[in-house]
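J.: Have a look at this one before I ask anything.
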Amino acid sequence: MSPAPSSGTGPGIAPESRPAQPGSAESTQAELSRERDRLRLLLEVNNAVVSNLELPDVFAAISAFCRDLLEHEYTSLALLDKDAPGKLRLFALDFPSGKGLIREEMVISLEQVPAGEAIRQRQPVRFDQESLRRMGTEEAGLLLAEGIASGVCLPLLTTHNSVLGTLSLASYRPDAFSDADVELLGQVAIQFAIALDNARAYCELEELKNRLTEEKLILEDEMRSGYQFEEMVGDSPALRHVLQQVGTVAPTDSSVLLLGETGVGKERVARAIHNRSRRSQAPFVKINCAAIPTGLLESELFGHEKGAFTGAIAQKVGRFELAEGGTIFLDEVGDIPLELQPKLLRVLQEQEFERLGGNRTIRVDTRVVAATNRDLSTMVAERQFRSDLFYRLNVFPIRVPPLRERTEDIPLLVRFFAQMYSRRLSRNVETIPSATMDALVRYSWPGNVRELENLIERAVILSPGSVLRVPLAELHSIEVASLPNSATLEEMEREHILQALRASNWKLAGSGGAAARLGMKRTTLQSKIKKLGLVRGSG
């Protein structure tokens, strides 16, 4: 190996003061000295890279080593882009004296650039200003505009001879890299490629571990979230209509918007859509947009990069990535702030986004099912919700009816919850008094199925024997409390009768009629209806 000229050699290998005669003892000693220094430097490289497992740290260690070894101004790491075949992405750059024309995350075509030639030949490629001018590409022009006079591109080859990318060094000086420099840098590149391969594997394992941790937490939350069954319990016409709509839209990939009051079971409908779709074997990920502070919602939905904000000590995978191939359920979608809505619209339309603090585009294949108890059309008119996002979500709207509109399902739900909580709480509830069931059917259920479930759970706890003891007095107090403070006795009676009429669909007599619900004769009820001036549709 011939000694490198002093203009291209740093403190790593010192030049000889006078040439040694070939074959002489002095020449042999000099050659052994250079080989010793080369091995020592490679050992330093190895020690530098094995102590770092993250890609930015590995590059920083190599860049610092190369700057000490050889005099130059520019070092860059470009990696093959998995999402764009035939392209390199500039992953890291050490160019403190540059003009800013070359930036990290730039995408470089492999055609007519030194890096592309190095990858094709699988060996180092030197370049100068003349060769850059001949290439005539935008990338070559940027190097010329930055004042680069000479450089070398080294392919990063794994032990399996596959190419990861290139390590490039460049200088403002012509002929800055001798044959000996290039040979030594080739050895450095081999070490760097091994470290880079290990670092990428480590990053992939860390990302997989983080994703598995997130999925585990989500699954644990799902298991704690109450009863899990595909269909909503009941056989009323209103519920059958909902399930018919579910059967129609589930096989498609269209967005679905679930509308309805709090507690009607919108999440159960969303789960039924997922379970009946081709995505049923993939994740079903839910997020309550109203339960997460505005400043953290973007990170929860789309994830964030390490250092994106104070406290972001590691990369976080968002819910959209966790739902890859499956369904994401956006509950209370009306509470998403206006400034975040364009990013959600982009995911719906383009199936792509960037993590918070990142600039790498991530593509996902995720179906969106959204739900709200708010009137989004009114919010659009009041400029509280983007119209384009509303139209994108409202492709297939499904209204989930409140419990008071499907009173036929109340007895089925009561029995279902009583059995479920009896097993869960190790109780032996077997009987539900008819008077209790009638009272439950007559109640208007402002909290819908959720309120009914909570009441039955409390009733099972309060039932020491086999008979379900429901605290019915609580229901009456809730109904009275829901009336205005200034309500008169007549107004309270009027509201009570109206609730019974609505629940029975204005059927007066017979089983399930308003008279039976109110515990009075049909003629008495007719008299009160006339006295209070009630007609169908009364408010």
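J.: Given Leu90, Leu101, which one is touching an Asp or Glu at 6+ places or on another chain (Cβ under 6 Å) and either free of Cβ contacts under 8 Å to residues at least 24 places away in the same chain or within 15 Å of Phe59 (Cβ to Cβ) (or both)?
T.: Leu90
J.: Look at Thr361 and say whether it is in contact (Cβ under 8 Å) with a residue 60 or more places away in the chain and either crowded, with 19+ Cβ neighbours inside 10 Å or in the same structural domain as Lys286 (by TED's automatic domain parsing) (or both). Give the derivation first.
T.: Numbers: in contact (Cβ under 8 Å) with a residue 60 or more places away in the chain: yes; either crowded, with 19+ Cβ neighbours inside 10 Å or in the same structural domain as Lys286 (by TED's automatic domain parsing) (or both): yes.
Yes.
J.: List the pairs whose first member sits in the range 441-465 and is free of Cβ contacts under 8 Å to residues at least 12 places away in the same chain and surrounded by 21 or more Cβ atoms within 10 Å (Cβ to Cβ), whose second member is assigned to a loop (DSSP other than H, G, I, E, B) and not basic (Lys, Arg), and whose Cβ atoms are under 7 Å apart, counting only residues at least 6 apart or on separate chains?
T.: Final answer for the pair search is none.
J.: Take the residues in the range 65-80 that are modelled with pLDDT under 90 and more than 21 Å from Arg122 (Cα to Cα); name whichever of them is surrounded by the fewest Cβ atoms within 10 Å (Cβ to Cβ).
T.: Asp68
J.: Now for a different question. Here's a check for you: in the range 177-236, which residue that is buried (at least 18 other Cβ atoms within 10 Å of the Cβ) and aromatic (Phe, Trp, Tyr) is modelled with the highest pLDDT?
T.: For the range 177-236, the residue satisfying everything is Phe177.
J.: Let me ask you something else. Given the condition touching a strand residue (DSSP E or B) at 6+ places or on another chain (Cβ under 7 Å), of a type in the set (S, T, N, Q) and touching a residue at least 60 places away in the same chain (Cβ under 8 Å), answer yes or no: does some residue in the range 254-269 qualify?
T.: yes
J.: Say we look at the range 319-348 and pick out the residues that are of a type in the set (Val, Ile, Thr) and over 18 Å from Ala290 (Cα atoms); which of these is surrounded by the fewest Cβ atoms within 10 Å (Cβ to Cβ)?
T.: At the first step, the residues of the range 319-348 found to be of a type in the set (Val, Ile, Thr) are 327-328, 333, 336, 347.
Subsequent filtering for residues that are over 18 Å from Ala290 (Cα atoms) retains 327, 347.
On the way: Thr327: 24, Val347: 20.
Filtering the range 319-348 for residues that are of a type in the set (Val, Ile, Thr) and over 18 Å from Ala290 (Cα atoms), the one surrounded by the fewest Cβ atoms within 10 Å (Cβ to Cβ) comes out as Val347.
J.: Hey, another quick one. Which of (1) under 30 Å from Leu501 (Cβ atoms); (2) at pLDDT below 90; (3) in contact with a Gly (Cβ under 8 Å, 6 or more places away or on another chain) is the odd one out, the single condition Thr436 does not satisfy?
T.: The number of the failed condition is (3).
J.: Can you tell me which condition Glu138 does not meet? The list is (1) surrounded by fewer than 19 Cβ atoms within 10 Å (Cβ to Cβ); (2) in contact with an Asp or Glu (Cβ under 8 Å, 6 or more places away or on another chain), and all the others hold.
T.: It is condition (2) that Glu138 fails.
J.: Right, next: If I ask for residues that are closer than 16 Å to Leu472 by Cα and assigned to a loop (DSSP other than H, G, I, E, B), which ones from the range 415-436 would you list?
T.: Ile432, Pro433
J.: Looking only at the range 300-350, how many residues end up being touching a residue at least 12 places away in the same chain (Cβ under 8 Å) and outside any loop (DSSP other than H, G, I, E, B)?
T.: Residues that pass the stated criteria total 27.
J.: Can you confirm whether the range 369-385 contains a residue that is in a strand (DSSP E or B), modelled with pLDDT under 90 and among the hydrophobic types (A, V, I, L, M, F, W, C)?
T.: No, the range 369-385 contains no residue that is in a strand (DSSP E or B), modelled with pLDDT under 90 and among the hydrophobic types (A, V, I, L, M, F, W, C).
J.: Taking the condition of being among the hydroxyl-bearing types (Ser, Thr, Tyr), surrounded by 15 or more Cβ atoms within 10 Å (Cβ to Cβ) and touching a Phe, Trp or Tyr at 6+ places or on another chain (Cβ under 8 Å), how many residues in the range 364-379 meet it?
T.: Total satisfying the criteria: 1.
The values are calculated or read from the model by the stated rules, or taken from the named source; none is laboratory data. Bear in mind the structure is a predicted one, so any value in this text is a computation, not a measurement. Please note: Cβ atoms are built from the backbone with ideal geometry, for glycine as well, and neighbour counts cover all protein chains shown.
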